[in-house]
1. Name the residues in the stretch 186-219 that are on the phi < 0 side of the Ramachandran plot, at pLDDT 95 or above, surrounded by 15 or more Cβ atoms within 10 Å (Cβ to Cβ) and among the small types (Gly, Ala, Ser), would you?
2. What is the one condition in (1) crowded, with 17+ Cβ neighbours inside 10 Å; (2) under 21 Å from residue 209 (Cβ atoms) that residue 260 does not satisfy?
3. Based on this model, can you work out whether residue 249 counts as among the acidic types (Asp, Glu) and at pLDDT 95 or above?
4. Which one of these does residue 68 not meet: (1) under 30 Å from residue 258 (Cα atoms); (2) crowded, with 17+ Cβ neighbours inside 10 Å?
5. For the stretch 71-91, what are the residues that are surrounded by fewer than 22 Cβ atoms within 10 Å (Cβ to Cβ) and part of a strand (DSSP E or B)?
6. Based on this model, can you work out whether residue 12 counts as farther than 22 Å from residue 105 by Cβ, surrounded by fewer than 20 Cβ atoms within 10 Å (Cβ to Cβ), over 17 Å from the mean Cα position of the chain (by Cα) and free of Cβ contacts under 8 Å to residues at least 60 places away in the same chain?
7. Name the residue that is farthest from residue 17 (Cα to Cα), counting only residues in the stretch 114-142 that are of a type in the set (S, T, N, Q) and either surrounded by fewer than 20 Cβ atoms within 10 Å (Cβ to Cβ) or modelled with pLDDT of 95 or more (or both).
8. Taking residue 63, is it touching a residue at least 12 places away in the same chain (Cβ under 8 Å) and surrounded by 21 or more Cβ atoms within 10 Å (Cβ to Cβ)?
Amino acid sequence: MKICLRCEQRFEAGDWACPACGHEPERKDGLLLFAPELDSQVDDFDERWFPALAAREAASFWFRSRNRLIVWALGRHFPSARSLLEVGCGTGFVVAGIAEAVAPLTLAAGDAQSSGLAFARARAPQARLYQFDARSLPFDREFDVVGAFDVIEHLDEDERVLAQMWRAVRPGGGALITVPQHRWLWSAEDDAGGHKRRYSRRELVGKVQRAGFSVERVTSFVSAPLPLMAASRLRARVGMRHDPDSNAELSLPRALDRLLEAAMTGERALIRRGMSFPAGGSLLLVARRH
């Protein structure tokens, strides 16, 4: 169902005009704007970063490997899903990867900034795209799966976002979430990327459960490259490297990029067999709404 964000009326009409108060979202370049005030803001994750980010994603072992893990988790835990919403889709790299690997699946995705959605539209033209605030989603029991991939760490109100995701998913469906892990890995990359936190496993599980979900699976990933991540950040702390680029660790020589991709392929094979890694640069969590 749809939700009018002005009067909270729920409705199933084909368009977005609220039958109770008549409110209809603004439109811009074919997009529905549910939070136009955010679209004009320059936030921590500045819209000027989107072109550089879009160029780096396909070239990075980390983005490619995360996509494959997400696609696997979707098929493994929600094999009968018919619809998916990605919250905070950025430039659309994940939703495009899902569209390519999983069919048929009705896809929707949204972000606070329409500048990123311009890239998402080109990458995943089959997805319905929305400009919205993740803290106030215009959906109620609308999707089989809702995903947020390295999103909630950017927001102070992460528990509010998780509660909105719970509301947007149908009973029996669920959520896929990835976040950066380990506070001791905090570095200038986190500051520049607009992170508010890096999660512990206990913290993430607790917040997801408080939102109403039942956690089915949680595992670390980016576990094999963890020693290299730790060494890189230690060097920065002792003054050997000063790089404000939040994606510097993702712009690696091709040979090293391929080596790390192979390592993550190996860890993904173990995750598929049921192993849950205790440590890693990131966490994957699978949850269900009963």
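The values are calculated or read from the model by the stated rules, or taken from the named source; none is laboratory data. Since we're looking at a predicted model, the values are computed, not measured. Glycine also receives a Cβ, built like all others from the backbone with ideal geometry; neighbour counts cover every protein chain displayed.
1. 211
2. Status for residue 260: all satisfied but (2).
3. no
4. (2)
5. Matches in the stretch 71-91: 83 only.
6. no
7. Filtering the stretch 114-142 down to residues of a type in the set (S, T, N, Q) leaves 114-115, 126, 131, 136.
When the remaining residues are screened for being either surrounded by fewer than 20 Cβ atoms within 10 Å (Cβ to Cβ) or modelled with pLDDT of 95 or more (or both), the result is 115, 126, 131, 136.
Numbers: 115: 25, 126: 23, 131: 16, 136: 17 Å.
Selected residue: 115.
8. On the way: touching a residue at least 12 places away in the same chain (Cβ under 8 Å): yes; surrounded by 21 or more Cβ atoms within 10 Å (Cβ to Cβ): no.
Considered against the rule, which asks whether it is touching a residue at least 12 places away in the same chain (Cβ under 8 Å) and surrounded by 21 or more Cβ atoms within 10 Å (Cβ to Cβ), residue 63 comes out as no.
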